[in-house]
Amino acid sequence: MAALTNTYGYLLVASYLAAIVYGIAVLLCMQYFYRNPKDYIAVKLTVAMLMLLATLQLIFTCGWLYGMIIVNFGKVLELGKTSKMFVAQNALSWILIFWSQLFYVSRVWILSKRKWWMAAIPACPAAALFGMGLYITYVASEVDNLAKFNLVLGNVSTVAFVLGFVTEMAIAVQLCYLLHHYRSGGNTPSKVINRILIEVVNRGVLASILVIVALVLYLAKPRGLAFELLNLPAAQVEVISCLSILVSRPRSNPKSNLDITEDSTSSGAQSSARMNETEVLQVRHEQFASTVTAVTGDDGHGHAGNPNGKGYSMPSFSMPSLPLSRRSATDTGQEVEAKV
């Protein structure tokens, strides 16, 4: 019984965790379609495909475990048998992970103004990881039990974990670099970029921690299945990371402000500079008014602290109406959000 607890018991708990994570992904998917009815059709299709793959992956996972634990209950020799359900859920997991990583690679490509070499940095390890996943799926289809499956793979699983960590770090570093570049350019509100940066950093840290812990558990007990506690729900976690960033965007029509061109960037920077000058003048005016009140005891209208009722009269100060360019800095910030 202890052997079953350390193997199939972990698999059963991992399936529960995968189902819970899938439920969170469904809620985020509903929020995305509710909040972004006018989003690009390509993004909508990406979200729909992610949810379809996540649903199929969970169905095949439950079917595999049902056949192994329930149908073969009491048949000890039959417990380790693999099936088509096992091969299907394995293939869907790798496809789902690769699809989610391609989503972030496309964000890197767009934010870098379509520089292919920057997108290639996370794309290369992602493609290598997907190729490794296809090989693992092929091995799963050729063997007839889990013991042979782990024996044939050998160090392939370790290499797959390392590639997964490299891919997640490459995506996080690239996105943080590009978003920091937009923030330092001065044409995008810092609050907008900071919120996106927090999402990206959280995603990278969470994914990296899951991969590292799963790798440690696999190296500690390669014949056990404790690493499946994190490995089995990993595909569903990838879906949540994509949907969380899409849901965090404001409700807007991205079709009107998706592309950042040189003209819009320069005009946004000019309007931002003019707005900053206006805010400085307003702050100086308020400081001057408070200084006069503190010194004379007058509020500027001859009411307080002046026995003659002839206090210092504050000059009228109206904010000049500055001609703004085509789009303001806030619009440019929404553009960056739409790209991410």
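Quick look at the numbers
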read-out	value
Whichever residue in the stretch 195-210 is at pLDDT 75 or above and of a type outside the set (A, V, I, L, M) and, among such residues, is farthest from F161 (Cα to Cα)	E199
Count of the stretch 152-175 residues which are assigned to a helix (DSSP H, G or I) and either among the small types (G, A, S) or under 22 Å from I69 (Cα atoms) (or both)	5
Complete set of residues in the stretch 199-228 that are farther than 20 Å from K148 by Cα and of a type in the set (D, E, K, R)	E199, R203
Y66 vs. criteria exposed (fewer than 15 other Cβ atoms within 10 Å of the Cβ), modelled with pLDDT of 90 or more, out of contact with any Cys (no Cβ under 6 Å at 6 or more places or on another chain) and part of a helix (DSSP H, G or I)	no
Tally, over the stretch 12-63, of residues that are surrounded by fewer than 20 Cβ atoms within 10 Å (Cβ to Cβ), in contact (Cβ under 8 Å) with a residue 40 or more places away in the chain and aromatic (F, W, Y)	1
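The values are calculated or read from the model by the stated rules, or taken from the named source; none is laboratory data. Values in this document were obtained by computation on a predicted structure and should not be read as measured data. Note that we place each Cβ from the backbone using ideal geometry, even for glycine, and neighbour counts take in every protein chain shown.
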